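No lab work stands behind these numbers, since they all come straight from the coordinates. If you're wondering where the values come from, they're calculated on a predicted model, not measured in any experiment. Because the Cβ atoms are built from the backbone with ideal geometry, glycine has one as well, and the counts that use them run over all protein chains shown.
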Amino acid sequence: MSTYVVPDQNTCNYHPTSINGDNQTHQTDQHHQPSLHETLLATLPKNKGWRSENVFLYKGFWLSSEVIKGLMLIHNHFKPQPTDIFLAAFMKCGTTWLKALMFATANRHRYKFSDHPLLCTGPQSAFPFIDTHIFLDYPVTNFDHLPVPRLFATHFAHGLLPTSMLSTCKFVYVCRDPKDAFVSKWHFMSKLRSKELTPLEFSEAYELFCNGVSEYGPFWDHALGYWKASQESPDKILFLKYEDMKRSPEVELKKLAAFMGMAFTAEEEDEGVVEEIVKLCSFENLSGLTVNQGGGGGQKFTAKVVVENKDFFRKGEVGDWKNYLTEEMKHRIDMITRDKLKDSGLTLGLIK
């Protein structure tokens, strides 16, 4: 059962709150707009999915059936608040790390670092992944009881989200070298892929990725949408790069906190709060925790998709693609990246 952390004074004795009940999930699948959803899917182009059998091309992006349903519900039911902050990213670009950093930053006055909720629960539990959590309650999830500022995560492209959300809320977007994103996504989705389907071979996933076909893809259109929006409205969208965060985590964390309206004070910096948050949320620390090593922790994203916490941690490295891509494969992705991002001012993973 999916949970998210509701701030509590009892640190690791916090009480996770359920996003859903199992019976409610079945009610949702049976009774909430099935005909409209199915009718829409029947009209959309489809291709091979990485996790499920198919993904569908909706308004320029490849989405699974479940997240299309979630998007419809977001447009129809989600009520954004001016204090809401969204973490947005293409899959496997740093969501787990950013979730931990944003939660720890927003709640740094509530918890001690020695007895922190992130030591007891996976980062994915820190706040809701709205793409599917929106329909895990019947008829839709009510997020009104979340503390202010409400934190949400999404993989949806900028252009797919409601105008009311984009004009009202703040967005933190994290991106990375597409070569690393591809390799990490293939590993992750291979673990989630239905056992009823044949495994997705690395070479086939590579071709699909280069053609833009993967859940929430094309990768480059996804990144460009948020990049252009961040250039037009820097007060609304903070664009971060995974590589910069790995290189200078304290610098990027201070930038993140300031954007969230929670800048660190000079006193906090002198006391080492920034360094403590970076240490708490580091890959080395989080991946070594029992709850993230198969200790019973996990996230339920849909009625059928449950992901163990350990599956969100693999290597967390920059440049791991070198262990998987040939020079020809690397060159092809770099050329696609150069062409797609031409004249945008955005550079990702291009090696001179």
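Based on other C-beta atoms within 10 Å, arrange Ser190, Ser248 from fewest to most.
Working: Ser190 15, Ser248 12.
Arranged by neighbour count, lowest to highest, Ser190, Ser248 become Ser248, Ser190.
Can you tell me which aspartates and glutamates have their Cα less than 19 Å from the Cα of Lys195? Leave out same-chain residues fewer than eight positions away.
The reachable aspartates and glutamates, counting only those whose Cα sits under 19 Å from Lys195, are Glu53, Glu66, Glu204, Glu215, Glu308, Asp311.
On a full-extension model of 0.36 nm per residue, what is the gain between Lys254 and Asp270, subtracting their alpha-carbon distance, rounded to one decimal in nm? Before the final figure, lay out the partial values.
Working: separation 16, 0.36 × 16 = 5.76 nm, distance 1.32 nm.
Stretched fully, the Lys254-Asp270 segment lengthens by 4.4 nm.
For a quick check: with amide H placed at 1.01 Å from N, whose amide H comes under 5 Å from Val172's, ignoring anything fewer than 5 positions away on the same chain?
For Val172, whose amide H was placed from the backbone, the distant partners under 5 Å are Phe86, Leu87, Ala88, Leu238.
Going down the table (Lys99/Lys254; Lys185/Lys236; Lys170/Lys254; Lys46/Lys241), which pairs top 21 Å between alpha carbons?
Working: Lys99/Lys254 15 Å; Lys185/Lys236 28 Å; Lys170/Lys254 16 Å; Lys46/Lys241 31 Å.
Where the Cα-Cα span goes over 21 Å, the pairs concerned are Lys185/Lys236; Lys46/Lys241.
Need one number: nm distance between label points at Met262 and Ser190, each 7 Å from Cα along Cα→Cβ, rounded to one decimal.
Roughly 3.6 nm, to one decimal.
Mind giving me the nanometre distance, one decimal, between the label points for Val148 and Asp244, set 7 Å out from Cα along Cα→Cβ?
Distance between label points: 3.0 nm.
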